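This report concerns only the one structure given below.
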Amino acid sequence: MSLLLFSRAACAMSMRNYSSVTEFILLGISNTEGLESMLFTLFLVFYVFALLGNLLIFLTILACPNLHTPMYFFLGNLAVFDIFFPSVNSPKMMDYLVRQGRTISYQGCASQIFFYHTLGCTECFLYTVMAYDRFVAICYPMRYTIIMNHWVCTCFTVGTWLGGFVHGSILTFLIFKLPYCGPNEVDSFFCDIPVVLSLACADTSLAQTVSFTNVGVVALTCFLLVLTSYTRIVISILKIRSSEGRRRAFSTCSAHFTSILLFYGPVILVYLRPASSPWLDSVVQVFNNVVTPTLNPLIYSLRNKEVKLALRKVLSQAMQPLGYKE
């Protein structure tokens, strides 16, 4: 008993003697030694294509009046998101690969967690709104423009970004109100909740419970709403008599459904499984941070005839001053 009291007292005294952590050390992706140059080139290509592809989608939607509809309004928001999201962690990851810049400041780590989860929650809400938009368009086509009017679309968009901001703020506050006074090595290529919480020198049960519940409730609620929307959509499509009508309806929704699968897969693997695997988490996070934002423009442009035609028109107009003809 006395030994236990002594150990607790020693622990409390050592906590008081520790100086607060001012920076963290990113350990990167395990088992990638010697592959830094190849990984840097690969990530740089994906990052540039993500920025250019999504910027092109966004500018195309702005430039083409026939794309000024609720569906493409939300797609434009998704393109903006896919420009911001990889920019949270990719530059630091590439700096780590090319210059071995392993350190990140305490404030920089907090910023990564805040923006990563703010944008992640925003995307979750945005996919839910996009599913509702498709539900209204297919199940209530005659009332679509009345239900999804400009005011409703604006409120949905502001709500998604505001909801993401509140979500990210709560998680960041809970994690960084804890003291960090001991080890500062983050077992990942960026700061995220599971790897940072393990470094806190205090009881993390409340932060772990709230973060797990917060992420789980948001993701599960949005997923159930998306699933409900698509169940109703499939039922309505199957009632369409013409095969051409069914094909067009399925084609309209397939791109959005593919993006949803690419989004929820990493969320489930990283945040909603009971046991954590640093290597698997890193691989999934790389896919989520770099690959998915690159694939979204391809998914929406290749699977959507209107977007393909609009892209061709915008590119031909851009090439005309250079002497190219359509």
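Every read-out reported here was derived from the displayed coordinates using simple, explicitly stated rules and does not represent laboratory data. This structure is a prediction, so every number in the text was calculated from the model and none was measured. All Cβ positions, glycine included, derive from the backbone under ideal geometry; neighbour counts span all protein chains shown.
Please report, to two decimal places, log10 I(q)/I(0) for region 168-220 at q = 0.26, 0.30, 0.31 Å⁻¹ as given by the Debye formula with identical point scatterers on the Cα atoms and no solvent. Result of the Debye calculation: -1.08, -1.28, -1.32.
Need the full-extension length gain, THR231 to LEU59, defined as separation in residues times 0.36 nm minus the C-alpha distance. One decimal, nm.
So the extension gain works out to 58.7 nm.
Each Lys and Arg Cβ is given +1 and each Asp and Glu Cβ -1; about its Cα centre, region 13-111 then shows a dipole of about 200 debye. Remark: the ASN31-VAL48 segment gains 3.6 nm on full extension, using 0.36 nm per residue and subtracting the alpha carbon distance.
Per residue, the convex hull around the alpha carbon atoms of region 122-259 comes to 117 Å³. For region 118-216, a crude dipole built from +1 on the beta carbon of Lys and Arg and -1 on the beta carbon of Asp and Glu, taken about the Cα centre, is about 460 debye to the nearest 20. Restricted to Cα atoms, region 22-144 shows a radius of gyration and a Dmax of 18.7, 60 angstrom.
Amide H contacts for THR103 (H built 1.01 Å from N in the peptide plane; partners 5 or more residues away or on another chain; cut-off under 5 Å): LEU26.
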